[in-house]
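Please read the structure below before turning to the comments.
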Amino acid sequence: MEKSGRVMDEMDEKVLRLVQDGIMIVPRPFEVVGRKLGIGEDEVLERIHGMIESGVIRRFSASIGHRAIGILANGMCVWNVPDHRVEEVGRVMAGFEEVTHCYERPRRPGWQYNMYTMIHGYTRRECEEVARRISEAVGVRDYTILFSEREFKKTGVRV
């Protein structure tokens, strides 16, 4: 049962499976989904709206292949943020347009970093500049950027 009390059924799961990798670029994509499942377009939309309201689907949006448009520099910036400032600093970091992910994670022996921001840019220099601006904005100087060398797999969560 999800947070709204709504229980997913087999048809919800089938709808999710058909839309999770994208919808067709046609005038009525949910009508196409419905035809494949033997239900109407209105029911497909009602089910999707219900799953959004219940929290099963957190976001329904377009995803742009950043590498395909030339955004080749990806830097996971790791930060040593004082524990008492995590909430404040996290909100500021997450507000940067170039940051696509912002997480707090536990520190580990030999690893002092507890905040992580994924920064995307056209060049490494651009990512470094964003990290510098973030550092100035939050007053945290202890950070390093781990740049991606190769991408082996990138997908969203699947049903």
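No value in this document is a laboratory result; all are computed from the given coordinates. All figures in this text were calculated on a predicted structure; none of them were measured in a lab. Positions of Cβ are backbone-derived with ideal geometry, glycine not excepted, and every protein chain shown enters the neighbour counts.
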Fill in: Dipole in debye (nearest 20) - the chain, about Cα centre, beta carbon charges: Lys, Arg +1; Asp, Glu -1
540 debye
Worksheet item: Full extension from Phe60 to Asp9: what is 0.36 nm times the residue separation minus their Cα-Cα distance, to one decimal in nm?
Response: 16.4 nm
Worksheet item: Exactly which chymotrypsin sites (Phe, Trp or Tyr not before Pro) in segment 89-156 are in a DSSP loop and have at most 13 other Cβ atoms within 10 Å?
Response: Tyr122, Phe152
Worksheet item: Does anyone have the angle between helix 124-138 and the longest principal axis of the chain? Alpha-carbon axes, 0 to 90°, nearest 10?
Response: 80 degrees
Worksheet item: For the chain, what is the mean residue ellipticity at 222 nm derived from helices alone (per DSSP H run of n ≥ 4: -39500 (n - 2.57); sum divided by total residues; nearest 500 deg cm²/dmol)?
Response: -11000 deg cm²/dmol
Practice prompt. Calculate the spin-label point distance for Ala137 paired with Lys153, positioning each point 7 Å from the Cα along the beta-carbon direction, and give it in nanometres.
Written response: 3.3 nm
Worksheet item: When the chain is treated as a GNM, springs tying every alpha-carbon pair under 10 Å, which of Arg108, Arg132, Arg124 comes out with the largest mean-square fluctuation?
Response: Arg108
Discussion item. From the phi angles alone, apply the Karplus equation (6.51, -1.76, 1.60; θ = phi - 60°) to segment 74-88 and give each ³J(HN,Hα) in whole Hz, x where the residue is Gly or Pro.
Written reply: 10, x, 8, 8, 9, 10, 9, 9, x, 3, 6, 10, 4, 4, 4
Worksheet item: Under unit Cβ charges (Lys, Arg +1; Asp, Glu -1), what dipole magnitude, rounded to 20 debye, does segment 73-147 have relative to its Cα centre?
Response: 240 debye
Discussion item. So if I take the alpha carbon set of the chain, get Rg, then get Rh from the Kirkwood formula, what is the Rg over Rh ratio?
Written reply: 1.08
Worksheet item: If contacts are Cα pairs under 8 angstrom and at least 6 residues apart, what is the relative contact order of the chain in percent?
Response: 23 percent
Worksheet entry | Ranked Glu46, Glu149, Glu98, criterion: other C-beta atoms within 10 Å, fewest first | Glu149, Glu46, Glu98
Discussion item. Between helix 41-54 and the chain, what is the angle of the helix's C-alpha long axis to the longest principal axis, kept within 0 to 90° and rounded to the nearest 10?
Written reply: 40 degrees
